[in-house]
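These notes are about the structure you will find just below.
Nothing in this text is a laboratory measurement; each read-out follows from the coordinates by a stated rule. As the structure is a prediction and not an experimental result, all values here were calculated from the model. All Cβ positions, even for glycine, are placed from backbone atoms using ideal geometry, and neighbour counts span all protein chains on display.
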Amino acid sequence: MLSKVPFKIIGVIGGLAHRALDLGRLAQELYERHKVVPGIILTRSLMETTALLYLTYKKMKHSIETQSTDELDGFVDRYEFGAMSMQR
């Protein structure tokens, strides 16, 4: 049976990249209009999105090294559905 993890990862990375692009463009626009505080808030959101992209990379690398997708699959599910939904 084929694993769905690669397709899930593509969706996660694509979504995060799209979010980062939107946040970066809007933050730049706000800074140019001298709206500093909203620009700072969006810049922080951009950094958090970048951190999540990096964490995804680290989880993928670990999955390749251990040749196991269980941990990566759980991480992707928590990202897609939220951590609270996994506790039920």
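Here are the numbers:
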quantity	calculated
Lone qualifier among 79, 31 - being in contact (Cβ under 8 Å) with a residue 40 or more places away in the chain, in a helix (DSSP H, G or I), in contact with a helix residue (DSSP H, G or I) (Cβ under 7 Å, 6 or more places away or on another chain) and among the aromatic types (Phe, Trp, Tyr)	79
Residue in the stretch 55-62 that is out of contact with any Leu (no Cβ under 7 Å at 6 or more places or on another chain), surrounded by fewer than 16 Cβ atoms within 10 Å (Cβ to Cβ), hydrophobic (A, V, I, L, M, F, W, C) and within 13 Å of residue 9 (Cα to Cα) present	yes
Filter result for the condition that a residue is outside any helix (DSSP H, G or I) and out of contact with any strand residue (DSSP E or B) (no Cβ under 9 Å at 6 or more places or on another chain), over 68, 45	68
